[in-house]
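Here the structure comes first, spelled out in structure tokens, and everything after it is commentary.
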Amino acid sequence: MATPVAGIAPVAGGPFVAGIADAAGGAAGAMVDGFGRRVEYLRISVTDKCNLRCVYCMPEEGLHWLRRDEILSYEEIAEVVRVMAGMGLRRLRLTGGEPLVRKDLARLASLLSAVEGIEDIALSTNAVLLAPVAQILREAGVSRVNISLDSLKPERADEMARRPGTLARALEGLDAALEAGFDPVKINVVLVRGVNDDEVPAFAELARTRPLHVRFIEIMPTESNLDLSADNFLSCDEALAAISAVDELRPVPGPPGNGPATYFAQPGALGTIGAITPMSHNFCDRCNRMRLTADGHLRPCLFGDLQTPLRDALRRGEDLRPLVAETLRIKPERHMLVQGSSVGSGGLVALSQTGG
Ligand code: SAM
Ligand code: SF4
């Protein structure tokens, strides 16, 4: 019989009691939040730094970067994962900032692959630094990769990333990912009206002709993109309508993954087209994740100001399980984002701070 680590009161409005079933029993555990959602997936931000400055994500001048001693070491990240795996965690994603700017990411992947209960490790990257390390990461246990690619036009890609040479290097990374055997390889495209909306058909063609899963993402407001996210918002519905105008789009189950996308495919296509709609069609009822920031805060939601500091407790050798259980307990029912406003983003300046 399961032994709950913590008996926790229901979250306001939630019909369930958040808790950990069978936590002491290791791999058989399950984390269920106050709204009955099973949480098995952790997005790990391994760094707050990035080699790009995407217009919708990070301010051009960068951010106030974390100090080295503020950031969790690879061993510390692995320890958090080990504790959470004992409570029901099963799948991981390495993200950032740009995870590949952190030295020897494959070493972290190896440490995490060795944690009992972890079944799947994925990577989110802008792919600029991916080509030389794709095979090494695959061998270290990363099985899937999401690549951010907002334009297939070199000059525009550079402008959106605010860095020269972005597209050519990202495409090299993409080819290396396919060659190394990552499966699936997904492409994330943030829709920005008046900037890359004319490329929706070209991205659809990419999904038709190559084994790639192109996902359109609606831009979410943060403190640093309020004008862009309001004035240049484009819904996924509009993007899908543009594709449907020239080709048939059928709903399909989509590739394996942990994400909130709904998928479609064109007849005979090698890949699929996904829609991630945080603004137009809320999907928080299916949320299955928590987030670990580079400085060791466990966050129950991408947005809002709820988070639990784990780092100091970890460094003092304390039991992290009550802190994880508390974070599960405070997981909100949904995000409260409002277009054109920082209300609901919890003061977040950039998604790179929490891993996107
Ligand atoms: N640097 C890596 C990358 O770009 O894939 C990982 C971190 S990035 C923050 C993770 C994802 O968040 C990317 O797909 C990026 O396009 C997306 N993203 C960043 N800011 C966003 C925003 N304001 N709205 C929607 N998606 C955003
Ligand atoms: Fe960097 Fe990714 Fe943010 Fe672009 S979206 S600035 S690549 S963290």
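A few comments on the model shown:
- Only one entry in A177, A134, A127 is surrounded by 24 or more Cβ atoms within 10 Å (Cβ to Cβ) and at positive phi, namely A127.
- Yes/no for I147 being touching a Ser or Thr at 6+ places or on another chain (Cβ under 7 Å), within 9 Å of ligand 1 (Cβ to nearest atom) and touching a residue at least 12 places away in the same chain (Cβ under 8 Å): yes
- Number of positions in the stretch 62-86 that are part of a loop (DSSP other than H, G, I, E, B) and either surrounded by 23 or more Cβ atoms within 10 Å (Cβ to Cβ) or of a type in the set (A, V, I, L, M) (or both): 5
- Single unsatisfied condition, P278 versus (1) touching a Leu at 6+ places or on another chain (Cβ under 8 Å); (2) without any contact (Cβ under 8 Å) to a residue 12 or more places away in the chain: (2)
- The helices (runs of 4 or more DSSP H) found wholly in the stretch 194-289 and carrying at least 2 residues that are modelled with pLDDT of 95 or more occupy 200-209, 236-244.
- Flag for F182 being closer than 17 Å to S124 by Cα, in a loop (DSSP other than H, G, I, E, B), in contact (Cβ under 8 Å) with a residue 24 or more places away in the chain and of a type in the set (F, W, Y): yes
- Top-ranked residue in the stretch 50-76 [being in contact (Cβ under 8 Å) with a residue 12 or more places away in the chain and among the hydroxyl-bearing types (S, T, Y); ranked as farthest from ligand 1 (Cβ to nearest atom)]: Y74
- Filter pass, L310 being in contact (Cβ under 8 Å) with a residue 24 or more places away in the chain, of a type in the set (A, V, I, L, M, F, W, C), within 17 Å of I71 (Cα to Cα) and touching a His at 6+ places or on another chain (Cβ under 8 Å): yes
- Residue in the stretch 332-353 that is away from ligand 1 (no atom under 16 Å from the Cβ) and over 17 Å from the mean Cα position of the chain (by Cα) present: yes
- Where L89 falls short, out of the listed (1) within 16 Å of ligand 2 (Cβ to nearest atom); (2) of a type outside the set (G, A, S); (3) part of a loop (DSSP other than H, G, I, E, B); (4) buried (at least 24 other Cβ atoms within 10 Å of the Cβ): (1)
- Residues of the stretch 303-352 that are assigned to a helix (DSSP H, G or I), at pLDDT below 95 and farther than 26 Å from R38 by Cβ: S352 alone.
- Residue within the stretch 98-112 that is within 16 Å of ligand 2 (Cβ to nearest atom), touching a residue at least 40 places away in the same chain (Cβ under 8 Å) and in contact with a Pro (Cβ under 6 Å, 6 or more places away or on another chain) present: yes
- Breaking point among (1) of a type in the set (A, V, I, L, M); (2) part of a helix (DSSP H, G or I); (3) crowded, with 23+ Cβ neighbours inside 10 Å, for L111: (3)
- Here E60 fulfils each of the conditions (1) modelled with pLDDT under 95; (2) more than 30 Å from L191 (Cα to Cα) apart from (2).
- For the stretch 292-302, filtering for residues that are modelled with pLDDT under 90 and of a type outside the set (A, V, I, L, M, F, W, C) leaves 0.
The values are calculated or read from the model by the stated rules, or taken from the named source; none is laboratory data. None of these values were measured; they are calculated from a predicted model. With ideal geometry, Cβ positions are generated from the backbone for all residues, glycine too; neighbour counts draw on all protein chains shown.
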